[in-house]
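To start, the structure under review is shown below, and the notes come after it.
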Amino acid sequence: MVSIGVIGCGHWGPNHIRIFSQIPNVNVHMCSDLDVARLSSIQAQYPDIQATKMYKEILLSPEIDAVCIATPTATHFNLVKEALEANKHVLCEKPLSLKADECLELKTLADTKGKILAVGHIFLFNEGIRQLKKYVTSGELGNIYYAHSARTNLGPFRYDVNALWDLAPHDLAIFNYLFDTVPVSVSARGQKCLKTSLDDLAFATLEYPHNILVNIHVSWLDPRKVRQITIVGDQKMVVWDDLDNLGPIRLYDKHVEKTQVFYQTYGEFQLLSKEGSITIPKIAAHEPLKVQNQYFVECLRKKNVPDLIDAQKAYDVVRTLEAIQASMDVGGQPVKVK
């Protein structure tokens with residue numbers, strides 16, 4: 001039996017409680033939150049779970065093996081550090097920290113303590129994203145020219161981090177996973193349309209190795225909720241739309257070819273578009289959070305490093321976010337990812 005403590009019962013914490021409660025031989029022993037009403041709601045649904053306003057009670061409990069942290073981003077570093085120092089395994093929501101060097105500090109601490117440290121980059125457990133990975137790694141798309149993503153909606157608005165740090169970690173984790181590498185440089189612009197201290201939207205351009213260009217658009221100020229990624233290769237192209245009820249993937253047998261005949265009139269080979277069929281593969285409908293948390297539990301049981309969502313992957317995302325933010329702060333000038 002794996003015993004779990006959940007710190008933070010706001011927007012996402014109750015989902016972790018629900019999922020962990022469904023996994024065989026896993027017990028949610030305790031949860032904590034500063035809001036008594038939230039704790040009362042959890043206890044009404046799960047009367048066997050102990051509720052407390054004091055998260056340290058979870059860390060001090062000898063019955064708890066692992067802690068799930070679903071609190072505001074600014075609290076992640078200190079809470080994860082305390083949990084690891086209390087000899088607990090940790091699953092923390094993204095991003096792991098607001099500073100890349102703090103991610104490395106937590107990674108070192110987890111290694112020293114011999115504890116599992118995983119970060120909730122949930123879209124890596126989305127079956128549509130995994131299908132994209134197959135297309136990229138199999139070479140079916142050919143050489144990748146570029147990719148772009150859109151993650152927009154009208155709200156919800158946050159007050160602890162801006163739209164970049166709220167939304168872009170998902171897309172950065174996805175692209176790092178798809179291309180199995182990290183951007184070398186970035187350029188980005190943001191804007192405070194609502195005149196608060198936080199950017200409501202951001203456009204980021206990332207240069208990945210092998211001359212792959214990626215654009216990310218995130219916004220709290222858009223008329224439509226959009227969760228889309230397009231990848232363009234020299235053989236085929238693919239679109240992932242997480243909100244498409246008919247199927248999240250469209251594989252386009254489209255590419256551009258040069259004619260074999262040299263036209264003196266134009267002085268160059270002519271480019272011709274080749275259009276074939278559109279394939280909609282069947283994608284299994286698994287809840288990504290459940291797959292992620294099952295993966296975390298299996299890592300605990302087998303004492304495996306959670307390679308897919310470990311602290312190194314979290315560090316790669318945060319150091320890229322730092323570079324994007326630095327570029328936004330200087331009006332879009334290119335910044336190297338350190």
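Pull up the stretch 167-225, narrow it to residues that are among the charged types (D, E, K, R) and under 28 Å from residue 308 (Cβ atoms), then point me to the one that is farthest from the chain's Cα centre (by Cα).
Initial filter on the stretch 167-225 (among the charged types (D, E, K, R)): 171, 180, 189, 192, 195, 199-200, 207, 222, 224-225.
Restricting the remaining residues to those that are under 28 Å from residue 308 (Cβ atoms) gives 171, 180, 207, 225.
Working: 171: 6, 180: 14, 207: 19, 225: 17 Å.
Applying the filter and picking the extreme gives 207.
The criterion of being at negative phi, touching a Gly at 6+ places or on another chain (Cβ under 8 Å) and in contact (Cβ under 8 Å) with a residue 60 or more places away in the chain does not hold for residue 222. Confirm whether residue 236 is surrounded by fewer than 13 Cβ atoms within 10 Å (Cβ to Cβ), among the basic types (Lys, Arg) and either under 20 Å from residue 178 (Cα atoms) or assigned by TED's automatic domain parsing to the domain that holds residue 163 (or both). Spelling it out, it is not the case that residue 236 is surrounded by fewer than 13 Cβ atoms within 10 Å (Cβ to Cβ), among the basic types (Lys, Arg) and either under 20 Å from residue 178 (Cα atoms) or assigned by TED's automatic domain parsing to the domain that holds residue 163 (or both). Could you tell me whether the stretch 178-200 includes any residue that is closer than 24 Å to residue 290 by Cα, buried (at least 16 other Cβ atoms within 10 Å of the Cβ) and modelled with pLDDT of 95 or more? Yes, the conditions are met somewhere in the stretch 178-200. Here 177, 146 are screened, and the one residue that is assigned by TED's automatic domain parsing to the domain that holds residue 230 and not in a strand (DSSP E or B) is 177. The number of residues in the stretch 75-110 that are hydroxyl-bearing (Ser, Thr, Tyr) and either surrounded by fewer than 22 Cβ atoms within 10 Å (Cβ to Cβ) or at pLDDT below 95 (or both) comes to 2. Considered as a group, the residues in the stretch 180-219 that are in contact with a Gly (Cβ under 6 Å, 6 or more places away or on another chain) and not small (Gly, Ala, Ser) include one that is nearest to residue 163 (Cα to Cα), and that residue is 199.
Look at residue 305 and say whether it is part of a helix (DSSP H, G or I) and among the β-branched types (Val, Ile, Thr). No, not satisfied. One residue stands out among those in the stretch 274-299 that are β-branched (Val, Ile, Thr) and over 12 Å from residue 252 (Cβ atoms): the one that is surrounded by the most Cβ atoms within 10 Å (Cβ to Cβ), which is 297. Within the set 324, 309, 278, the sole residue that is under 22 Å from residue 135 (Cα atoms) and either of a type in the set (S, T, N, Q) or in contact with a helix residue (DSSP H, G or I) (Cβ under 8 Å, 6 or more places away or on another chain) (or both) turns out to be 309.
Against the numbered list (1) in contact with a Pro (Cβ under 6 Å, 6 or more places away or on another chain); (2) in a helix (DSSP H, G or I), residue 172 comes up short only at (1). Criterion applied to 167, 206 was being in contact with a helix residue (DSSP H, G or I) (Cβ under 8 Å, 6 or more places away or on another chain) and in the same structural domain as residue 324 (by TED's automatic domain parsing), and the one residue passing it is 206. Within the option set 296, 269, being at pLDDT below 95 and of a type outside the set (S, T, N, Q) holds for one residue only, 269.
The values are calculated or read from the model by the stated rules, or taken from the named source; none is laboratory data. All values reported here derive from a predicted model rather than from experimental measurement. With ideal geometry, Cβ positions are generated from the backbone for all residues, glycine too; neighbour counts draw on all protein chains shown.
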